[in-house]
Amino acid sequence: MDTLYSFLIEPLSHDFMQRALIISTMIGVVCSVFSCFLVLKGWSLMGDAVSHAVLPGIAIAYVVGIPMAIGAFAAGLLCAIGTGYLKNNSRVKEDAVMGILFSGMFALGLILLTKIETDVHLLHILFGNVLGISTRDMVEAGTIATIVTVIMVVKRRDLMLYCFDPAHAAVLGLPVKLLHFGLLTLLALTIVSALKAAGIILVVAMLIAPGAIGFLVTRSFDRMMMVAVGVSVFSCLAGTIISFHIDAATAPLIVVIQSLFFLGALVWSTTRRPTVKANA
């Protein structure tokens with residue numbers, strides 16, 4: 001028991017670990033809540049596209065001298081809106097448009113970052129640096145994550161109906177276009193909030209796995225959201241603490257733990273096969 005107590009408490013004696021645990025909890029909550037809508041809407045590839053597309057925005061923001069979060073948000077939103085425009089005005093299907101657009105923007109970002117003299121480490125952008133989060137980064141990401149989480153929880157029924165059946169939502173008088181672009185905006189903000197902690201590549205897994213786990217093991221949307229948040233927060237805290245003791249990369253370890261939860265949920269669901277009901 002003493003060994004377990006020391007295992008859990010020892011990291012709290014370090015300031016950087018306190019910040020890491022706080023920020024990992026915050027992004028765990030916001031990513032898990034949003035993942036429920038991504039899974040229902042079938043926008044997993046959209047999350048992948050937007051997360052990769054923020055890279056040139058980060059590079060341009062560094063050159064201009066504005067906060068990188070602003071550049072990342074602008075680039076991510078541009079990718080999301082551009083995908084919708086190209087889908088509606090060309091014969092190319094949406095998945096192909098997203099693949100071309102996000103890979104092109106990601107490649108452009110890599111070129112810019114290799115040509116710009118910057119103290120921003122590329123690996124930290126790609127894979128995150130939870131243990132290197134400053135107090136300013138924590139406050140910035142926490143503020144964005146809190147705002148996005150509150151909006152999604154308050155408007156969850158409208159967003160849920162839109163994700164299930166946009167046509168039915170329009171018949172009921174809901175502003176479908178506003179919900180569509182609002183969801184894209186929230187997606188970009190969610191990615192920005194998790195960028196420094198999880199990185200461009202790993203944030204995709206954190207935006208998909210929790211919602212998929214909740215979808216497999218529950219029958220209602222509200223319970224799906226609670227399961228997703230619980231699994232995500234536990235994975236973030238456990239991954240951060242374990243990475244401290246074994247000297248491993250934190251964000252990848254968090255994703256590995258979430259993947260193990262998903263495999264367990266998948267095995268469990270083979271006998272139960274629950275489905276999510278719209279009337280949560």
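Across the range 55-96, what is the total count of residues that are surrounded by fewer than 13 Cβ atoms within 10 Å (Cβ to Cβ) and touching a Gly at 6+ places or on another chain (Cβ under 8 Å)?
The total comes to 1.
Is it the case that some residue within the range 112-129 is open to solvent by 40 Å² or more (accessible area, probe 1.4 Å), touching a His at 6+ places or on another chain (Cβ under 9 Å) and either modelled with pLDDT under 85 or among the basic types (Lys, Arg) (or both)?
yes
Might you check whether a residue that is charged (D, E, K, R) and closer than 22 Å to residue 74 by Cβ occurs anywhere in the range 155-177?
Yes - at least one qualifying residue is present in the range 155-177.
Quick one: is residue 255 farther than 28 Å from residue 106 by Cβ and in contact (Cβ under 8 Å) with a residue 12 or more places away in the chain?
no
Using the structure shown, decide if residue 171 is open to solvent by 60 Å² or more (accessible area, probe 1.4 Å), under 30 Å from residue 20 (Cα atoms), out of contact with any Leu (no Cβ under 8 Å at 6 or more places or on another chain) and free of Cβ contacts under 8 Å to residues at least 24 places away in the same chain.
no
When you scan the range 130-142, how many residues do you find that are open to solvent by less than 50 Å² (accessible area, probe 1.4 Å) and under 18 Å from the mean Cα position of the chain (by Cα)? Quick ask: steps written out before the conclusion?
So the first thing to find is which residues in the range 130-142 are open to solvent by less than 50 Å² (accessible area, probe 1.4 Å), and the list is 130, 132-134, 137-138, 141-142.
Retained after the next criterion (residues that are under 18 Å from the mean Cα position of the chain (by Cα)): 130, 133, 137-138, 141-142.
Residues meeting the conditions: 6.
Applying the selection to the range 219-246, what residues are among the polar types (S, T, N, Q) and out of contact with any helix residue (DSSP H, G or I) (no Cβ under 8 Å at 6 or more places or on another chain)?
Passing the criteria: only 220.
Looking only at the range 20-42, filter to residues that are farther than 19 Å from residue 234 by Cβ and either under 12 Å from the mean Cα position of the chain (by Cα) or at pLDDT 85 or above (or both); which one of those is surrounded by the most Cβ atoms within 10 Å (Cβ to Cβ)?
The extreme case among them is 38.
From (1) of a type in the set (A, V, I, L, M, F, W, C); (2) modelled with pLDDT under 85; (3) open to solvent by 20 Å² or more (accessible area, probe 1.4 Å), pick out the condition that doesn't hold for residue 105.
(2)
Count, please, the residues in the range 179-223 that happen to be under 23 Å from residue 19 (Cα atoms) and open to solvent by 10 Å² or more (accessible area, probe 1.4 Å).
Of the residues in that region, 8 qualify.
Might you check whether a residue that is under 28 Å from residue 243 (Cβ atoms) and either at pLDDT below 90 or open to solvent by less than 10 Å² (accessible area, probe 1.4 Å) (or both) occurs anywhere in the range 143-151?
Scanning the range 143-151 turns up at least one residue that is under 28 Å from residue 243 (Cβ atoms) and either at pLDDT below 90 or open to solvent by less than 10 Å² (accessible area, probe 1.4 Å) (or both).
Scan the range 206-229 and tell me whether some residue there is of a type in the set (Ser, Thr, Tyr), in contact with a Phe, Trp or Tyr (Cβ under 9 Å, 6 or more places away or on another chain) and touching a residue at least 24 places away in the same chain (Cβ under 8 Å).
Within the range 206-229, not a single residue is of a type in the set (Ser, Thr, Tyr), in contact with a Phe, Trp or Tyr (Cβ under 9 Å, 6 or more places away or on another chain) and touching a residue at least 24 places away in the same chain (Cβ under 8 Å).
The values are calculated or read from the model by the stated rules, or taken from the named source; none is laboratory data. What you see is a predicted model, and the numbers here were worked out from it, not measured in a lab. Positions of Cβ are backbone-derived with ideal geometry, glycine not excepted, and every protein chain shown enters the neighbour counts. We work out accessible area using only protein heavy atoms, side chains counted, and drop any ligands, DNA or RNA first. Shrake-Rupley method; radii C 1.70, N 1.55, O 1.52, S 1.80 Å.
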